[in-house]
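Input: a single structure, listed below in structure tokens.
The values are calculated or read from the model by the stated rules, or taken from the named source; none is laboratory data. Just so you know, these numbers come straight off a predicted model, no measurement behind them. Here the Cβ is made from the backbone with ideal geometry for all residues, glycine too, and neighbour counts use every protein chain on show. For the accessible areas, the whole protein counts, side chains as well, though only heavy atoms, and no ligand, DNA or RNA atoms are used. Shrake-Rupley method; radii C 1.70, N 1.55, O 1.52, S 1.80 Å.
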Amino acid sequence: MTLSGTIGAVVLESGAEATAVAFARCLVGGLLLALWCAARGWLRPAALRAGLTRRDLALAVLGGVLLVGNWVLLFASYSLSSISISTVIYHTQPLLLVGLAAVLLREKITGSHLVRALIAFAGVALISLGAQGSSGKPVGIAGIALALAAAVLYAGASLIAKQLAHLRPHLLAAIQCSVGAVLLAPALAVTPLPSDTGGLLWLLLLGTVHTAVLYVLMYASIGKLPTGTVALVSYLYPVVAVVVDVLAYGHRITLVEGIGMLAVLGAAMAPRRRGGVGRTQS
């Protein structure tokens with residue numbers, strides 16, 4: 001989660017457009033995850049035939065489209081708002097996931113979820129009204145809208161992941177990154193990769209440490225920790241992002257914005273009695 005909180009800084013330091021950053025993440029991270037799966041024997045034909053049906057593959061591809069679209073929108077929002085604002089608003093995704101499950105899977109929405117949703121989106125409204133960039137000017141609504149759209153796409157990807165819970169998550173991530181690399185490759189004609197070595201090294205860091213290593217660490221730990229611990233540790237992601245934004249990029253948090261951030265995080269990330277998707281990815 002601490003690594004996740006530094007993703008925004010890596011994206012900005014690369015100097016690349018959002019689509020190029022997402023492509024690099026998919027290419028490098030997907031290749032390394034595929035190598036990890038191969039080393040564990042999960043890519044052997046017999047293992048794939050036994051555990052991956054055509055329906056599973058179709059859902060994995062659809063989930064990959066949503067996941068990669070979410071990355072593009074989130075990365076684009078960083079430069080239009082700020083790392084901290086985008087990351088905090090992005091964490092409305094657990095509430096959006098419950099909403100999507102109610103609409104698509106007819107799952108019941110509890111009264112407590114509705115209350116948390118109202119509090120969280122009131123927090124988003126406060127952030128929209130009170131947030132300021134490093135220049136002291138109000139943050140544009142476009143960055144906030146992109147972060148919310150990214151959260152919606154991630155909630156959709158999470159809903160699909162729930163249907164694929166029987167698959168190894170490393171394999172699912174490798175498939176989805178591969179899908180993303182194929183989808184985003186044509187965009188390089190318009191938004192190419194950085195031409196300088198520094199920018200490429202930042203993207204290499206994103207793909208290796210902030211994708212492949214991060215996913216391996218997360219999936220290795222998620223099944224060994226109580227749900228309450230996972231929920232608590234998940235707070236590190238937005239908190240680290242806010243600290244990085246303040247210290248490295250001079251973002252000044254206004255009182256109204258701070259109240260909005262606390263409302264979003266308190267409502268969206270509070271431990272829930274009934275389990276949904278219990279992990280926060282980036």
Set the Förster radius R0 to 35 Å, insert the Cβ-Cβ distance between ALA142 and ALA46 as r into 1/(1 + (r/R0)^6), and round the FRET efficiency to 0.05.
0.10
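For the chain, take the convex hull of the Cα atoms, compute a quarter of its surface area, and give me that in nm², please.
Numbers: hull surface 58.7 nm².
In nm², the orientation-averaged hull projection of the chain is 14.7.
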Calc'd 3J(HN,Hα), the range 45-61, phi into Karplus 6.51 cos²θ - 1.76 cosθ + 1.60 (θ = phi - 60°), Hz, glycine/Pro = x, comes to x, 5, 5, 5, 5, 6, x, 10, 8, 4, 5, 4, 5, 5, 5, 5, 5
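Run the dipole for the chain about the Cα centre, Lys and Arg Cβ at +1, Asp and Glu Cβ at -1, nothing else charged, and hand back the magnitude in debye, nearest 20. The partial results should precede the final answer.
Details: 18 positive and 7 negative charges, 239 e Å.
Charge dipole of the chain: 1140 debye, to the nearest 20.
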Only Lys, Arg (+1) and Asp, Glu (-1) charged, at Cβ; the range 1-124 dipole about Cα centre in debye
580 debye
Arrange the peptides 73-86, 111-124, 92-105 so that the one whose residues have, on average, the most other Cβ atoms within 10 Å appears first.
73-86, 92-105, 111-124
With the convex hull built on the alpha-carbon atoms of the range 1-136, volume per residue in Å³ sits at 154 Å³
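Fully extended, how many nm does the chain gain between VAL61 and ALA220 (0.36 nm per residue separation, minus their Cα-Cα distance)? Mind dumping the intermediate values first?
Values: separation 159, 0.36 × 159 = 57.24 nm, distance 2.33 nm.
Residue separation times 0.36 nm, minus the Cα-Cα distance, leaves 54.9 nm.
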If you take the charge dipole of the chain about its Cα centre, with +1 on Lys and Arg Cβ and -1 on Asp and Glu Cβ, which of LEU188, LEU262, TYR215 is farthest toward its positive end?
TYR215
Subtracting the Cα-Cα distance from 0.36 nm times the residue separation, let me have the gained length for ARG168 to LEU193 in nm, one decimal.
5.9 nm
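Ordering TRP71, TRP42, TRP202 by how much accessible area each has at a 1.4 Å probe, largest first, what is the list?
Working: TRP71 0, TRP42 35, TRP202 90 Å².
Largest accessible area first, the list is TRP202, TRP42, TRP71.
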Based on C-alpha coordinates, I'd like the Rg and Dmax of the range 20-81, in Å.
14.8, 48
